[in-house]
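Engineer: For reference, the structure I am asking about is given below.
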Amino acid sequence: MTESEFQEFMITVGYRYNEKSKSAFNTFEGFHAIIEFNEKENRYNMSMGAVSANSSEASVIQTKIRDFYSDHKNNIIKAEYRNKSVHVSLKMTIDSDIDKSELKDLARFVIELCKTKKISPICKVCSRQRKTGLYVVGRSLTPICDTCVTRKRRQYEHRKNIFIKKKQNMLTGLIGAVFGAIFGAAIYVFLYQLLPSYGIAGGIILILAFVGFVVTGKRATKKSAVICVIISVITLLMSEYAAIVANMAILIEKAGGGIALSEAISATNAGFSDMSYTSSFLMDIGIGTAVMIVIGVIYFLKRKYTRPLKISKNVL
């Protein structure tokens, strides 16, 4: 089933389709059931914020969900009532007719579940039993009460104004990133003499490069983050080489050769003629770079999910 087929079908079973969130929704007596089409994960995801009045009624809801799962277990990945929400994930199949049949059954199940009166709709932000509207937050369709909408919009405007007032200075940011990375490299060279820690090195260098850029450049962007990663990878290469040279110098000194930096550099360079030595060096760089990428991804995910997102008008 393609996205356009999903859109057309959900409309035929009484659901409305929202282009911004690319999801279908249905409202029944204050409940908002949202079904998303996720081709990448090969599934349809349905979610609905609801809370039961007591534990016995919660067990009734859980039983109904288990029964629905039992009747459709060949096509359901997950069906549960957890964290004040009902979640059902359906598998996608090659045969769109099966998809349509399963989605139709799911749509009916949700309405019947709402009719039980064993659960009450809630706001997905404050988790309180309040009248909610449906809003697109970022790219997700979310049921939110009026109080939370007002607070979120104020928070968004406040943060937006602060962001606009901050003018990025790319030159000073680059200088800060370079100094931060060099400071991280110095820490790595020191730590390497105690215990090879290339993975930690990648993280330390990148974090300090980020910090250096934000402190001196005032504002971070995707472009500046990519630049920080490039600076950090180059610095990691240099710091790995410097750490090996320093380690070699210490070994020469312990052997009674005195402090001879030139000899340590020569010995290090000679070591690269050995393939195992070179592959070990490249592996260290690879691990350090992988750690940088992980930290960079976490950094962006954190920014994405913690900063206030713009809230659309009520789509109902």
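FYI, it's all coordinate maths here, none of it is from the lab. Given the structure is predicted, the values throughout are model-derived calculations rather than measurements. For neighbour counting, all protein chains shown are included, and Cβ atoms are generated from backbone atoms with ideal geometry for every residue, glycine included.
Engineer: Taking into account only those residues within region 1-46 that are of a type in the set (S, T, N, Q) and not in a strand (DSSP E or B), which is surrounded by the most Cβ atoms within 10 Å (Cβ to Cβ)?
Structural biologist: Within region 1-46, the subset of a type in the set (S, T, N, Q) is 2, 4, 7, 12, 18, 21, 23, 26-27, 38, 42, 45.
Now narrow it down to the ones that are not in a strand (DSSP E or B): 2, 4, 7, 12, 21, 42.
Details: 2: 10, 4: 8, 7: 18, 12: 9, 21: 21, 42: 10.
Among those residues, the one meeting the criterion is 21.
Engineer: Could you list all residues from region 94-126 that are loosely packed, with under 15 Cβ neighbours inside 10 Å and in a loop (DSSP other than H, G, I, E, B)?
Structural biologist: 94, 95, 116, 117, 126
Engineer: Would you please list the contacts, defined by Cβ atoms under 7 Å and residues six or more apart or on different chains, that run from a residue in region 113-138 that is without any contact (Cβ under 8 Å) to a residue 24 or more places away in the chain to a residue that is β-branched (Val, Ile, Thr) and not in a strand (DSSP E or B)?
Structural biologist: Note: pairs meeting the criteria are 128/122.
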